[in-house]
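The values are calculated or read from the model by the stated rules, or taken from the named source; none is laboratory data. Please read all numbers here as calculations on a predicted model, not as lab measurements. Counting neighbours? That spans all protein chains shown, and the Cβs are built from the backbone with ideal geometry, glycine included.
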Amino acid sequence: MTAGAAVPSPPDAAANPLLQPSTRPFELPPFDLISTAHVGPAFDAGMAQQRDEIAAITGNPEPPTFENTVVALERSGAVLRRASMYFFNLTSSTSTPEMQAVEAEYSPRLAAHEDAIQLDPVLFARLDAVHRDRCGDPTLDAEAIALIERYHLDFVLAGARLDPDGRARLTELNQRLSVLSTTFQQNLLRASEAAAVAVDSADELDGLSAEAIATAAEAAKARDREGSYVIPLVLPTGQPLLAELRNRDVRRRLFEASIGRASAGSRDNGPVLVEIATLRAERARLLGFATHADAMLADQTAGTSAAVDELLASLVGPAVVNAQAEAEILRGYAERDGVELAAWDWAYYSRQVEAERYSIDTAALRPYFDLDRVLHDGVFHAAEQVYGITLVPRPDLIGYHPEVRIWEVRGADGSVIGLFLGDFYAREGKRGGAWMNSFVTQSFLLDTLPVIVNVLNVPHPAEGEPALLTLDSVRTLFHEFGHALHGLFSRVRYPRLAGTAVPRDVVEFPSQVNEMWILWPEVLTHYARHVQTGEPLSAAVVEALLASERWGEGFRTSEYLAATVLDQAWHRIGPDEEIGDVDAFEREALERHGIALALIPPRYRSRYFQHIFGGGYSAGYYAYIWAEVLDADTVDWFKENGGMRRQNGDVFRSKLLSVGGSIDAMDAFRSVRGRDPDIAPLLRRRGLDRAGATG
């Protein structure tokens with residue numbers, strides 16, 4: 001439990017808004033009526049309710065059927081689902097000591113509750129019987145069969161076939177892992193906040209725009225350091241302002257704060273992640289797998305560790321060659337300043353290359369990327385053109401924070417699709433990064449429409465000033481809305497199969513496809529306008545951006561692949577392997593794969609690798625590049641078929657975005673592309689088909 005915080009006293013149960021479906025539009029949670037004190041009692045009531053529902057299934061004297069077993073299981077746990085979707089969204093975006101205390105207490109209890117269901121031998125026997133007879137039941141359609149297969153695999157991978165001793169040990173492991181994952185996330189949140197870089201003078205921020213300096217002043221004020229300037233950390237190793245800061249010592253401090261966070265004292269995540277990896281390895285062995293990576297890949301489209309290794313091996317060599325070619329160019333720029341190129345200099349001199357070779361000044365681009373304009377005239381506009389949807393503001397609806405905005409999403413025929421929430425600004429208590437999540441999942445069975453949220457961490461502008469984005473932040477905005485569309489367009493009966501409920505290694509595919517519209521001419525000219533003059537981004541700059549697309553791909557691919565290598569290394573260890581030095585383990589893993597680059601650290605080092613130790617990407621960070629194979633091939637399909645046409649959008653929406661997990665993910669891809677995926681478009685995009693090229 002968080003020091004100094006206590007689980008709030010339970011309120012009157014009758015007044016707990018989480019115990020009943022919300023009466024607000026789309027079942028949007030009544031955020032203004034819910035307090036942290038409501039959460040624990042709702043979890044307790046929800047677990048009790050679901051235990052009774054499971055007992056009714058297992059105690060049913062009738063032979064097991066799809067309806068009385070699988071559908072009954074799908075309907076169970078309504079209160080628990082509602083409370084969990086509310087609470088775990090907010091622990092990421094509005095965390096407080098009180099919420100952390102609730103999370104610390106209930107995470108292991110919720111893990112034990114889930115284990116009790118998935119390890120129930122009577123329940124599994126009924127599910128197994130339905131699964132065995134599924135193909136001979138003429139009453140079942142394809143989606144029903146998909147649901148049966150999904151639940152059966154879930155239960156098998158959760159240990160349903162273990163003996164009593166194995167089930168007991170698995171429960172212990174899962175509870176402990178739940179505690180450790182929560183500890184990792186909370187350590188990282190607090191360590192990142194503490195590692196924010198403070199300077200006393202605006203002179204030390206030379207190179208930053210006036211808006212960025214004002215943002216740093218606001219960040220200092222929020223930390224009761226008025227009169228100084230603070231640069232908060234974003235989640236990846238590379239901090240955006242490294243490209244702009246002229247003061248080399250401040251660049252160094254910012255870089256070292258980034259790579260060193262959560263590595264010392266009470267917030268050191270080293271021992272936490274080692275225990276997580278070790279216990280995951282033990283759990284995998286218990287389930288009959290050689291490693292945790294093998295256990296996770298059993299439910300992914302990649303299928304095997306060998307398939308992942310084959311992909312990585314095909315990419316590492318060309319990526320490193322390209323990165324080394326880029327480094328040689330950057331060394332020349334650093335020598336002009338009389339310095340030896342260091343990791344904290346890379347982004348700074350890379351920006352100079354962009355300015356000199358391609359006439360791109362990334363700082364000068366920011367006034368063309370006003371958050372509101374990019375959102376409405378870029379992200380929303382592209383979706384309107386491709387899919388025919390419109391987003392209508394709903395200021396009458398209340399979000400979970402004053403900065404959260406809400407839109408109603410409507411189809412071309414005026415039909416209501418769902419709600420979209422946008423939470424875009426960084427703040428205390430909000431973990432770094434960007435993500436999509438659901439408050440309500442689409443389901444014809446439950447008669448619910450989707451309520452989707454996108455969360456980003458754009459630096460808060462000074463009061464009265466616009467929020468100006470970097471091109472990377474523009475990309476993030478389009479990317480996360482691609483996830484949102486995946487959830488919003490869902491058209492399935494069963495919630496377990498809705499929206500992004502697809503294999504982890506293809507879940508990034510639709511979001512990456514949505515990035516294609518960023519530089520699409522009719523989209524770019526619509527949103528990229530100077531915040532003060534309204535002038536569009538010039539054609540010459542657009543041409544330069546397109547020409548420079550491959551510059552830096554060596555760096556970007558290498559930092560990503562290095563993080564992927566770390567993920568696989570941690571999740572290929574055995575349960576008896578002793579790891580005393582996290583840094584040495586990292587170094588040896590990178591050297592073994594030929595991607596130990598002093599100038600290019602991994603996109604995430606282990607102690608702040610939220611995706612794999614605090615999120616759902618363990619042994620699955622490779623998914624981004626795996627999905628990009630599908631993405632690049634699909635972008636080619638759009639271009640071959642006329643680009644931004646409603647007909648293309650309708651095909652992609654109906655055959656892929658709307659089906660969720662109701663059909664095989666690769667079958668969905670083939671239904672659009674007409675064939676298996678081809679890696680060649682990805683290699684061309686990243687310049688890996690001509691290693692050594694530098695744009």
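Things to note:
- Within the stretch 426-455, being at pLDDT below 95 and not hydrophobic (A, V, I, L, M, F, W, C) holds for Arg427, Glu428, Gly429, Lys430, Arg431, Gly432, Gly433.
- Scanning the stretch 213-226 for residues that are touching a residue at least 12 places away in the same chain (Cβ under 8 Å) and out of contact with any helix residue (DSSP H, G or I) (no Cβ under 7 Å at 6 or more places or on another chain) returns Ala214, Thr215, Ala217, Glu218, Ala219, Ala220, Ala222, Arg223, Arg225.
- Those residues of the stretch 519-547 which are more than 11 Å from Tyr368 (Cα to Cα) and touching a Pro at 6+ places or on another chain (Cβ under 6 Å), in sequence order: none
Residue-wise test of (1) aliphatic (A, V, I, L, M); (2) in contact with a Leu (Cβ under 6 Å, 6 or more places away or on another chain); (3) more than 14 Å from Phe509 (Cβ to Cβ).
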position: Glu591; (1), (2), (3): no, no, yes
position: Ala598; (1), (2), (3): yes, no, yes
position: Phe609; (1), (2), (3): no, no, yes
position: Ile612; (1), (2), (3): yes, no, yes
position: Asn641; (1), (2), (3): no, no, yes
position: Met644; (1), (2), (3): yes, no, yes
position: Ser654; (1), (2), (3): no, no, yes
position: Val659; (1), (2), (3): yes, no, no
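- Any hit, the stretch 388-409, residues being at pLDDT below 95, over 21 Å from the mean Cα position of the chain (by Cα) and of a type in the set (A, V, I, L, M, F, W, C): no
- Failed item in (1) over 21 Å from Trp517 (Cα atoms); (2) crowded, with 21+ Cβ neighbours inside 10 Å, with Val386 passing the rest: (1)
- Every pair of residues 6+ apart whose Cβ atoms lie under 6 Å, when the first sits in the stretch 239-255 and is closer than 17 Å to Leu341 by Cβ while the second is part of a helix (DSSP H, G or I) and at pLDDT below 95: Ala243/Arg351
- Single match in Arg605, Arg550, Arg587, Arg556 (criterion: among the basic types (Lys, Arg), within 30 Å of Val353 (Cα to Cα) and in contact with a Gly (Cβ under 6 Å, 6 or more places away or on another chain)): Arg550
- Of the criteria (1) assigned to a loop (DSSP other than H, G, I, E, B); (2) surrounded by fewer than 19 Cβ atoms within 10 Å (Cβ to Cβ); (3) modelled with pLDDT under 95, which one Arg684 fails: (1)
Yes or no, residue by residue, for (1) assigned by TED's automatic domain parsing to the domain that holds Thr171; (2) crowded, with 21+ Cβ neighbours inside 10 Å; (3) assigned to a helix (DSSP H, G or I):
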| residue | (1), (2), (3) |
| --- | --- |
| Asp32 | yes, no, yes |
| Pro41 | yes, no, yes |
| Pro61 | yes, no, no |
| Ala72 | yes, no, yes |
| Ser84 | yes, no, yes |
| Gln100 | yes, yes, yes |
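- In this entry, Gly378 is excluded by the filter for residues that are within 20 Å of Gln442 (Cβ to Cβ) and not assigned by TED's automatic domain parsing to the domain that holds Thr96.
- Among the residues of the stretch 119-152, those identified as more than 18 Å from Arg167 (Cβ to Cβ) and either in contact with a Cys (Cβ under 8 Å, 6 or more places away or on another chain) or among the β-branched types (Val, Ile, Thr) (or both) are Val130, Thr139, Ile145, Ile148.
- Residue that is farthest from Leu630 (Cα to Cα), among those in the stretch 291-344 that are in a loop (DSSP other than H, G, I, E, B) and of a type in the set (Val, Ile, Thr): Val339
- Taken together, Arg150, Arg169 contain a single residue that is out of contact with any strand residue (DSSP E or B) (no Cβ under 8 Å at 6 or more places or on another chain), charged (D, E, K, R) and within 23 Å of Glu53 (Cα to Cα), which is Arg150.
- Taken as a whole, the condition of being surrounded by fewer than 19 Cβ atoms within 10 Å (Cβ to Cβ), within 30 Å of Glu428 (Cβ to Cβ) and modelled with pLDDT of 95 or more applies to Arg176.
- Pairs where the first residue, in the stretch 532-548, is surrounded by 11 or more Cβ atoms within 10 Å (Cβ to Cβ) and the second is of a type in the set (Lys, Arg), C-beta under 8 Å, 6+ apart: Glu535/Arg529; Pro536/Arg529; Leu537/Arg529; Ser548/Arg357
- In the condition set (1) in contact with a Pro (Cβ under 7 Å, 6 or more places away or on another chain); (2) of a type in the set (Lys, Arg); (3) under 30 Å from Arg82 (Cβ atoms), Arg496 is compliant with all but (1).
- Identity of the residue in the stretch 245-290, part of a loop (DSSP other than H, G, I, E, B) and basic (Lys, Arg), that ends up farthest from Ala195 (Cα to Cα): Arg246
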